[in-house]
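Working notes for the structure below.
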Amino acid sequence: MTNLQPPLMGAMMDQPLLISSIIRFAARHYGGSEIVSRRVEGDMHRYTVRDCEARARRLANVLRAQQVAPGERVGTLAWNGYRHMELYYAVSGSGAVLHTINPRLHPDQIAYIVNHAEDQLLFFDLTFLPLVEAIAPRCPTVKAFVLMSDRAHMPAASNSANLLCYEDLIDAASTDYAWPEFDEHAAASLCYTSGTTGNPKGALYSHRSTVLHAYASAMPNALNVGAADVVLPVVPMFHVNAWGLPYSVLLAGAKLVLPGAALDGKSLYELFEAEGVTFSAGVPTVWLGLVNYVLQNGLAFSTFRRTVIGGAACPPALMDTLIDRLGVKVIHAWGMTEMSPLGTTGGLLAKHRDLPVESQRAILRKQGHAIFGVDMKIVDDGGCELPWDGRTFGHLLVRGPWIVSRYFGGNSGDEGGDVLQDGWFPTGDVATIDADGFMQITDRSKDVIKSGGEWIGSIDIENIAMAHPAVLQAACIGVHHPKWDERPVLVVVRRPGASLTREEMLRFFDGRIAKFWMPDDVVFVDALPTGATGKIQKNRLREQFRDYRLPG
Ligand code: ADP
């Protein structure tokens with residue numbers, strides 16, 4: 001066969017992969033599945049997927065009445081709740097682009113991204129009224145601000161013009177709406193990276209990328225979401241679309257529980273128990289709070305069996321506590337905003353079944369295996385591929401249908417230049433990959449500590465420190481050293497009431513790491529700086545320690 005000959009085409013229906021297809025499917029085939037939300041107004045709200053789809057159709061009519069054109073952006077400043085779900089489906093399903101905004105960003109950054117995205121409408125939860133009033137005068141593209149509540153909760157006086165009431169708009173709209181069909185490559189949603197350095201950059205997801213990501217992420221090797229699950233995403237819907245759960249949970253037919261703004265250990269625990277949650281997802285800092293609450297109060301989970309932890313390295317001590325003391329299986333996951341976000345998930349292979357627990361745990365602690373749809377490799381500074389031996393570390397590159405090819409140009413049209421290297425996206429992470437394909441992150445490229453020409457992975461050092469019973473949080477950074485260029489310094493937050501000295505901390509590392517990885521100093525602080533997604537901000541920490549002098 002010559003390659004000039006046209007291929008024989010398959011004889012299958014050509015149906016675009018659209019976000020509306022998920023909610024249409026869910027409403028028709030799992031219509032009775034519940035969506036339960038803790039409202040920011042304080043009470044609980046429950047309805048079914050069928051109700052959600054009907055209200056999403058009304059909302060699509062609202063968007064039409066507000067003259068939101070296909071491709072135009074609609075912003076949200078909202079917690080995990082049913083109205084946010086309606087926006088997820090109504091905005092993207094009608095052909096507009098859902099722009100979820102992280103409310104924990106600085107107001108200047110929020111105004112920047114609203115303007116960059118040229119949001120036409122901005123929907124927000126009651127909690128964010130003061131924030132919206134502060135930024136409204138600086139957001140000229142926004143034609144109306146919609147408070148996601150009912151008439152009773154509308155402010156008596158507000159200095160922002162064009163303030164609309166969500167429930168009034170829904171009540172006035174008809175459910176008579178047919179989800180349109182269009183190109184599956186059309187933009188569906190927009191999410192900005194947290195911009196720890198420079199301005200935030202927009203990842204513009206398509207319908208196709210979102211549906212494929214939802215499909216793949218629900219699979220057994222990934223998050224394993226099924227119709228018998230009750231899923232509570234602690235990860236916010238403003239953080240990379242809650243890792244795709246608003247889509248994958250509906251696609252799988254599961255029950256969804258949305259915690260609103262109450263993310264403390266007690267509120268979460270009570271919701272887990274009341275709703276029979278089986279599966280959850282969140283960054284490590286959230287689990288620290290929940291696990292501490294459960295252990296301190298001598299409680300146990302009655303239905304909660306699996307959780308995915310990602311967004312930052314899961315401390316091994318946290319994983320051990322969840323598995324051994326609370327009976328919760330931990331799926332360690334890695335990804336990033338630019339990857340929709342899921343790239344790898346942890347888990348064991350059949351051949352690992354009879355390994356001793358400690359060896360199995362070492363595998364589960366890695367960031368895991370690529371899920372179908374994601375390809376990855378590690379390369380040296382010159383771009384040459386490095387071996388998969390579990391020891392050699394290099395820059396981690398990825399490619400796949402839900403990974404960005406460029407950034408969103410926004411109002412300036414500037415897409416940030418060529419982001420790909422020979423068709424691969426550089427993640428900015430440094431990792432090893434072993435012969436079985438398990439990837440382990442050693443560091444962010446910019447956090448790697450370079451000592452005497454060798455790299456020291458800060459994550460390993462932090463993981464060991466966090467295993468000490470007196471340590472609540474730990475971060476390891478490189479500080480300037482006249483001879484070695486950089487040396488590691490460990491910054492520690494002690495557990496309340498616990499005592500721990502510098503010497504005791506250092507002794508804890510004896511025999512656990514190579515001599516030259518041993519931190520040169522331990523500094524105790526009351527808190528570590530965290531960013532808008534709850535991760536420790538090492539760049540701010542390095543800034544704090546800029547003039548720090550190593551002992552001796
Ligand atoms: P931002 O980069 O703006 O903080 P992301 O949520 O996209 O926002 O963060 C992605 C980065 O978070 C990854 O590139 C990686 O450095 C880190 N990360 C995510 N998951 C893990 C994990 N399981 N282990 C270690 N690092 C992780």
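No value in this document is a laboratory result; all are computed from the given coordinates. This is a predicted model, so every value here is computed, not measured. Here Cβ is always computed from backbone atoms with ideal geometry, including for glycine, and neighbour counts include all displayed protein chains.
Which residues in region 10-53 place their backbone N less than 20 Å from a point set 7 Å from the Cα of Ala274 along the Cα-to-Cβ direction?
Only 33-49 fall inside the zone, counting backbone N under 20 Å.
Assuming a ≥ b ≥ c are the square roots of the Cα gyration tensor eigenvalues, decide whether region 438-481 counts as rounded (a/c under 1.5), prolate (otherwise, with a/b larger than b/c) or oblate.
Oblate shape, in that a/c is at least 1.5 and b/c is the bigger or equal ratio.
Lysines within cross-link reach of Lys201: Cα-Cα under 20 Å, excluding same-chain residues under 8 positions apart?
Lys446, Lys535, Lys538
What is the mean projected area of the alpha carbon convex hull for region 297-443, to one decimal in square nanometres? Before the final figure, lay out the partial values.
Values: hull surface 47.1 nm².
In nm², the orientation-averaged hull projection of region 297-443 is 11.8.
Take region 79-158, drop everything but the C-alpha atoms, weight them equally and run the Debye formula without solvent; then report log10 I(q)/I(0) at 0.17, 0.24 Å⁻¹ to two decimals.
Taken in order of the listed q values, log10 I(q)/I(0) reads -0.69, -1.36.
Each residue of region 285-291 in turn: what ³J(HN,Hα) in whole Hz from Karplus with 6.51, -1.76, 1.60 and θ = phi - 60°, glycine and Pro shown as x?
Each residue's phi maps through the Karplus curve to give 4, 5, 5, 4, x, 5, 5 Hz.
Could you work out the local net charge near Thr337, counting Lys and Arg as +1, Asp and Glu as -1, over the other residues with Cβ closer than 15 Å to its Cβ?
+3
Can you list the HN-Hα couplings for region 250-267, worked out from phi with the Karplus curve (6.51, -1.76, 1.60; θ = phi - 60°), rounded to whole Hz and with x for Gly and Pro?
Per residue, the Karplus-derived 3J(HN,Hα) values read 5, 4, 8, x, 7, 7, 10, 10, 10, x, x, 8, 8, 10, 6, x, 5, 4 Hz.
Just to be sure I understand: of the beta bridges DSSP finds with both ends in region 15-260, what percent are antiparallel, rounded to 5?
Rounded to the nearest five, the antiparallel share is 30 percent.
Would you mind checking the radius of gyration and Dmax of region 245-338 based on alpha-carbon positions, in Å?
When restricted to the Cα atoms of region 245-338, Rg and Dmax are 13.0, 40 Å.
Give the separation of the Cα centroids, region 14-67 to region 113-127, in Å.
21 Å
Pull up all non-local amide H partners of Leu472: gap of 5 or more, or a different chain, and H-to-H distance under 5 Å with H placed in the peptide plane.
Those lying under 5 Å, H to H, from Leu472 are Val493, Arg494, Arg495.
So in the chain, what percent of DSSP beta bridges are antiparallel if you round to the nearest 5?
Here the antiparallel bridges make up roughly 55 percent for the chain.
Please state the relative contact order of region 447-544 as a whole percent: Cα pairs under 8 Å, 6+ residues apart?
26 percent
At what distance in angstrom do the alpha carbon centres of region 531-552 and region 293-366 lie from each other?
A separation of 28 Å, based on Cα centres.
In region 252-391, what is the count of Lys pairs whose alpha carbons are under 21 Å apart, counting only pairs at least 8 residues apart or on separate chains?
Lysine pairs, 8 or more places apart or on different chains, close enough: 6.
Below 8 Å between Cα atoms, with a sequence gap of 6+, how large is the relative contact order for the chain in percent?
On the way: 1144 pairs, mean separation 58.1, N = 552.
Reported as a whole number, the value is 11 percent.
Helix 19-29 against the longest principal axis of the chain: what's the angle in degrees, Cα atoms only, rounded to the nearest 10?
Tilt of helix 19-29: around 80 degrees.
Go ahead and estimate [θ] at 222 nm for the chain from helices alone: -39,500 (n - 2.57) per DSSP H run with n ≥ 4, summed, over the residue count, rounded to 500.
Computed ellipticity for the chain at 222 nm equals -8000 deg cm²/dmol.
Just to be sure I understand the model, the point goes 7 Å from the Cα along the line to the Cβ. What's the resulting Asn199 to Ser445 distance in nm?
Once both label points are built, they end up 2.2 nm from each other.
Distance in nm between label sites at Arg104 and Arg399, each 7 Å beyond Cα in the beta-carbon direction?
Result: 3.4 nm between the two label points.
Please state, as a whole number in µm²/s, the translational diffusion coefficient that the Stokes-Einstein equation yields for region 164-208 at 4 °C and 1.567 mPa s, with Rh defined as the Kirkwood radius across alpha carbon pairs. Walk me through the intermediate numbers first.
Details: Rh = 13.9 Å.
Estimated via Stokes-Einstein, D reaches 93 µm²/s.
Indicate the gyration tensor shape class of region 15-260 (rounded, prolate or oblate), computed on the Cα atoms with a ≥ b ≥ c the square roots of the eigenvalues: a/c under 1.5 is rounded; otherwise a/b larger than b/c is prolate and the rest oblate.
Verdict is rounded for region 15-260.
If amide hydrogens are placed 1.01 Å from N in the peptide plane, which non-local residues have theirs closer than 5 Å to the one on His332?
Ile309, Gly346
Show me the ranking of peptides 105-113, 335-343 by mean Cβ neighbours inside 10 Å, starting with the highest.
Order by mean packing, descending: 335-343, 105-113.
Please label the shape of region 447-544 as rounded, prolate or oblate, based on the square roots a ≥ b ≥ c of the eigenvalues of the alpha-carbon gyration tensor (a/c under 1.5 means rounded; beyond that, a/b larger than b/c means prolate, else oblate).
oblate
When you take every Cα atom in the chain, what is the radius of gyration, and what is Dmax, the widest Cα pair distance, in Å?
Just the Cα atoms of the chain yield Rg and Dmax of 23.9, 75 Å.
Residues with amide H under 5 Å of Val257's amide H, sequence separation 5 or more or different chain, H placed in the peptide plane at 1.01 Å from N; which?
HN-HN under 5 Å from Val257: Val36, Val231, Leu232.
Please state the relative contact order of region 15-260 as a whole percent: Cα pairs under 8 Å, 6+ residues apart?
26 percent
Using the Karplus equation 6.51 cos²θ - 1.76 cosθ + 1.60 (θ = phi - 60°), what ³J(HN,Hα) coupling, rounded to whole Hz, does each residue of region 373-385 give in order, writing x for Gly and Pro?
Result, rounded to whole Hz: x, 10, 10, 9, 7, 10, 9, 7, 4, x, x, 7, 5.
Could I have the simple spin-label model distance between Arg24 and Met518, label points 7 Å from Cα toward Cβ, reported in nm to one decimal?
Reported label-point gap for Arg24 and Met518 is 6.6 nm.
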